[in-house]
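Below is one structure, written out as structure tokens, with a few remarks after it.
Where a number appears in this text, it was derived from the coordinates with a stated rule and is not lab data. No experiment lies behind these values; they were computed from the predicted model shown. Every residue, glycine as well, gets a Cβ built from its backbone with ideal geometry; the counts of neighbours run over all protein chains shown.
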Amino acid sequence: MSVLHPVDWIVVLAYFGLIAGIVVWVTKKQKKTSDSYFLAGRELGWFVIGASIFASNIGSEHLVGLASSGATDGVAMAHYELHAWCLLVLAWVMVPFYMRSKVFTMPEFLERRFSPTARTVLSVISLVAYVLTKIAVGIFAGGVVFAVLLPEINLWGLDSFWVGSFLVVVITGLYTIIGGMRAVAYTEAIQTIVLIVGSALVTIFGLQAIGGWSELRAIVPSDMFNLWKPMVPAGLESTWAPIQDSQRMAWYFNDNYPWLGMLICAPVIGLWYWCTDQYIVQRALTAPNETEARRGSITAAFFKLLPVFIFIIPGIICYALAISGKNPSFQNFLIGPDGSIIRDNAQQAFPLMVANVLPVGIRGLVVAGLLAALMSSLAGAFNASATLFTIDFYGRLHRSISQERLVWVGRVATAVMVLIGICWIPVIRGGRGLYDYLQGIQGYLAPPIFVVFFLGVFFKRLNAKGCLWALIVGFALGIGRLAVDTPVKMIEGFQYAQGSFLWIVNKIFFQYYSGLILIISAAVMVIVSHLTAAPDYAKIGGLTYATRTAEDKRISRESWKTMDVVLSVLVICLIIAAYLYFVG
């Protein structure tokens, strides 16, 4: 039986009507050019850019995975959500270079800085990453939400999980294919508002159900509100000293979120995602100038501070309702016979809260917010994938192609990426947890991309050969780890022989393996670059700090005002305040 009342359905249908109206309006305004379809004509304002960045990020992994992480591990994953400072790096460090280059894609920027081959390699890596993470995870999460909200649906032998997955894909794919980037951006701006309001209501009504904030803190273990404890290995709670010999196995095979990984590797993943990933940066590229792009990124940084309170906290509330017995259905579903939480069931924490603690009407609004997040995340992935394939592959092979044909190819590419993503769902469904899966994959693919972008911007001596080999070596190491992990995730009961090389590779915590890729990729890039000829500095003018002209510096300086600096400092202060509060 559906948990939605007819009033809730009216609210949900009204939301879809709004989205349809926006798509129709955008389609009438849209020109049949690649610039208009993929980058909205480069004329979006700062609020739409900031909201679009946030909505693209806050998708399935938050609705399903982040709330699940809150229920199982407390605020541990808040470290990733407090990476709002990475958006300030995008705003102040990378945006000037991207806006000067006038590129469509991040691989295209890499071609300007290094070589066409580097562009091709990054395009392949990015497309693989979208299949393994954003697209497949988004489809999977749509199924999880539908399985809770409409559990009795069964169509042609398919349960509500699969029906929900396909519905989310079809609806999202349809408006993305028709409206392009402009439709994606404007719908995401509306979806951001719906998502924030709806998710905040889950937190508010959840706190009412549990008896308030103080009651929540009293019910759950204090460690669930401690951002620091998960980063300190067992036996070293009171020190940040290096791991002693007796703790060496814990250092390498820790099942939690180790301090060294959070301190070094997690920020690398954050900087890759927020500052170099097509999925996010494409929104900044839609700005008419550096000022709007920077302010859009700063706006997104403020939005990014919210998930701790509108996703993680509801997950903790869900756990508190279960262990306190205040909601017997939660207790029976989430808590096992031994008293521990059932991790697989915890993936339904957020939709469970929606279905059980919200009143009629409000529930419909929040369901609309759930669907908004799922759709915005998928729409961004679809559009980014289509842009990468069309501009970086098809467009380069067919340089005389018409603008209308490029748009058509982009639409076909979207449909193909959806089909590939669906095929990957069984792998994710067998994984330990959605958010763990996502962070693991990103940890394997992010380091080499981070290395070539950031070292490339800061050090002009690094050349195309160094970039290419850093990408190839880093990507090979990441895919190798994924190949080792996949049988363990897919085949029930499968394990490598204890002590074997593959067993060791599989058991190393993903953040430590990510750090290994980072070190090797950076070393390869620096060594190969210095063993080969220096790049032609005239050809990379304006693409590194050392090759900027006086005019470049003047334009960049005039693009920001004092208030931009003040707001950026405020973001940093809010992040510090959150870390100081969540100390257990």
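How much FRET efficiency would the formula 1/(1 + (r/R0)^6) give for residue 492 and residue 93, where r is the Cβ-Cβ distance and R0 is 60 Å, rounded to 0.05?
On the way: r = 46 Å, r/R0 = 0.76.
E between residue 492 and residue 93, to the nearest 0.05, is 0.85.
Based on the alpha-carbon gyration tensor of the stretch 458-514 and its eigenvalue square roots a ≥ b ≥ c, which shape applies: rounded if a/c is under 1.5, prolate if not and a/b is larger than b/c, or oblate?
Values: a/c = 3.57, a/b = 2.92, b/c = 1.22.
Prolate.
Each label point is 7 Å from the Cα along the Cα-to-Cβ direction; what then is the distance between the points at residue 581 and residue 329, in nm?
3.0
What shape does the stretch 437-584 take by its C-alpha gyration tensor, where a ≥ b ≥ c are the square roots of the eigenvalues and a/c under 1.5 counts as rounded, a/b above b/c as prolate, and the rest as oblate? Walk me through the numbers on the way to the answer.
Values: a/c = 3.47, a/b = 1.38, b/c = 2.51.
Taking the square roots of the gyration eigenvalues as a ≥ b ≥ c, the stretch 437-584 is oblate.
Using the Cα gyration tensor of the stretch 500-584, with a ≥ b ≥ c the square roots of its eigenvalues, what is the shape: rounded (a/c below 1.5), prolate (a/b larger than b/c) or oblate (neither)?
The shape class here is oblate.
Per q in 0.10, 0.11, 0.16, 0.24 Å⁻¹, report the Debye log10 I(q)/I(0) for the stretch 291-388, using one uniform scatterer on each alpha carbon and no solvent.
Listed by q, the Debye log ratios stand at -0.41, -0.48, -0.84, -1.25.
Using a 10 Å cut-off on Cβ atoms, rank the peptides 519-527, 406-414, 265-273 from the highest mean neighbour count down.
265-273, 406-414, 519-527
Return the long-range amide H neighbours of residue 335 (sequence gap of 5 or more, or a different chain), with a cut-off of under 5 Å between placed amide H atoms.
342
With each pseudo-label sitting 7 Å past Cα toward Cβ, what's the residue 502-residue 25 distance in nm, one decimal?
Output for this residue pair reads 5.6 nm.
For the pair residue 43/residue 573, report the inter-label distance in nm, with labels modelled 7 Å from Cα in the Cβ direction.
It is 3.8 nm.
Please state, to two decimals, what the Cα-based radius of gyration of the stretch 49-118 comes to when divided by 2.2 N^0.38 Å (N = residues). Before the final figure, lay out the partial values.
Numbers: Rg = 16.4 Å, N = 70, 2.2 N^0.38 = 11.1 Å.
Normalised by 2.2 N^0.38 Å, the Cα Rg of the stretch 49-118 equals 1.48.
Please give the peptides 350-358, 14-22, 459-467 ranked by average Cβ packing (other Cβ atoms within 10 Å per residue), highest first, as a rough proxy for protection.
Answer by packing, highest mean first, reads 350-358, 459-467, 14-22.
Can you give the FRET efficiency to the nearest 0.05 for residue 289 and residue 5, using r as the Cβ-Cβ distance and R₀ = 51 Å?
It comes out at approximately 0.60.
Once fully extended, how much extra length lies between residue 174 and residue 200, figured as 0.36 nm per residue of separation less the alpha-carbon to alpha-carbon distance?
On the way: separation 26, 0.36 × 26 = 9.36 nm, distance 2.88 nm.
So the chain would gain 6.5 nm between residue 174 and residue 200.
Give the calculated FRET efficiency between residue 555 and residue 476 to the nearest 0.05, with a Förster radius of 41 Å applied to their Cβ-Cβ distance.
Details: r = 40 Å, r/R0 = 0.97.
According to the calculation, E is roughly 0.55.
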